[in-house]
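Scroll down for the structure; my scribbles are underneath it.
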Amino acid sequence: MKQFSIFLLALGFLFFQNIAWADFLEGNQAALEGDYEKAFHEYLEAAEDGNSLAQYNVGVLYSSGQAGVRDETQAFRWYLAAAEQGVEQAQLKVASYYSLGRGTEANMEEAVRWFTIAADQGSAQGQYMVGGIYVSGYGGMKELDRAFRYLTLAADQGWPDALGALGAMYENGQGTEQDYAKALELYQQATAKGHVGGIANLGRLYYLGRGVPQDFDEARRLYEIAANKGNTTAQVGLGALYMQGQGVELDYATALFWLEVAALGGQDMKGREALREVLSDEQIAEVQNRVADWLAAQQNQ
């Protein structure tokens, strides 16, 4: 279904090009019928004649291997050809390939350049990626003012990841003045879109009383939603609530459970050792069983 959506999206732009449109249209029809080998050959003819959307679709088929041949180097070649003709999705693919060293040598400067080209054409995803790179300092590029500008552009388009990231900048005073009320607004918007990080961050605001009256019950409710979707920030937050009996009954075993789950996701909290000191071997074994059951349930979802 994912590939169908790509081909149909491309079809929507068909009439903006007069290059090899017949081959491109036949490729779309073949793809919709599930004949990806025929689609590939039709797209390839159009791509070699300069049709940028066909070039993008050839890249998709080389990357997915649906036409029988998987070749990331060829995928990159055709994505780049389409990107140079202004296809936004191709520009994002080229940026991603450069950042990962996929189908080409890793080159963070080129990745940022292509993400920026897409961003400056109005791509919310590109704007978010540029903002995220500059706020994190990935590849040695840390420019909070530029990060704030691009994340604002993406958030204004409703991109969920950008809403959460921009909220964090307001909450922490990065690239802008600290503003808990604005952070709250952005986290609420991200939460309404189901963004797990936004839900966890909103829980943190309620836990700390930032921009809202402190409310451990609401913090727990939000943390539980995000924690059960794998967010380690929320898992640690739940562990803290159970460890301190805030919004819940004091429960060291459940506190340890959530901290153990968070540790599996890379959040290794020293509080686990203190909890193990006050729990019996039997209780610790029970916690480990709960963790195993939780992981199995997550894998089955």
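Among the conditions (1) hydrophobic (A, V, I, L, M, F, W, C); (2) in contact with a helix residue (DSSP H, G or I) (Cβ under 6 Å, 6 or more places away or on another chain); (3) part of a helix (DSSP H, G or I); (4) modelled with pLDDT under 90, MET269 misses just one, which is (3). GLU45 meets all of the listed conditions (1) over 21 Å from GLU26 (Cβ atoms); (2) charged (D, E, K, R); (3) modelled with pLDDT under 95 but one, namely (1). From the list ALA75, ALA95, ALA54, ALA83, the lone residue that is under 19 Å from GLU33 (Cα atoms) and touching a Phe, Trp or Tyr at 6+ places or on another chain (Cβ under 7 Å) is ALA54.
What residue, among those in region 172-181 that are among the small types (Gly, Ala, Ser) and not in a helix (DSSP H, G or I), is nearest to SER123 (Cα to Cα)? Filtering region 172-181 for residues that are among the small types (Gly, Ala, Ser) and not in a helix (DSSP H, G or I), the one nearest to SER123 (Cα to Cα) comes out as GLY175. Criterion applied to THR254, THR191, THR176 was being under 24 Å from ASP293 (Cβ atoms) and of a type in the set (Ser, Thr, Tyr), and the one residue passing it is THR254.
Taking the listed residues ARG204, ARG221, the one that is surrounded by 14 or more Cβ atoms within 10 Å (Cβ to Cβ) and out of contact with any helix residue (DSSP H, G or I) (no Cβ under 7 Å at 6 or more places or on another chain) is ARG221, with no other qualifying. All of TYR98, TYR79, TYR150 fail the test of being more than 12 Å from GLY59 (Cβ to Cβ), over 17 Å from the mean Cα position of the chain (by Cα), surrounded by 16 or more Cβ atoms within 10 Å (Cβ to Cβ) and modelled with pLDDT of 95 or more, apart from TYR98.
Residues in region 168-192 that are in contact with a Gly (Cβ under 7 Å, 6 or more places away or on another chain) and either modelled with pLDDT under 95 or closer than 21 Å to GLY230 by Cβ (or both): TYR187, ALA190, THR191.
The values are calculated or read from the model by the stated rules, or taken from the named source; none is laboratory data. A quick note: this is a predicted structure, and the numbers were derived from the prediction, not measured. Virtual Cβ from ideal backbone geometry, glycine too; neighbours counted across all protein chains shown.
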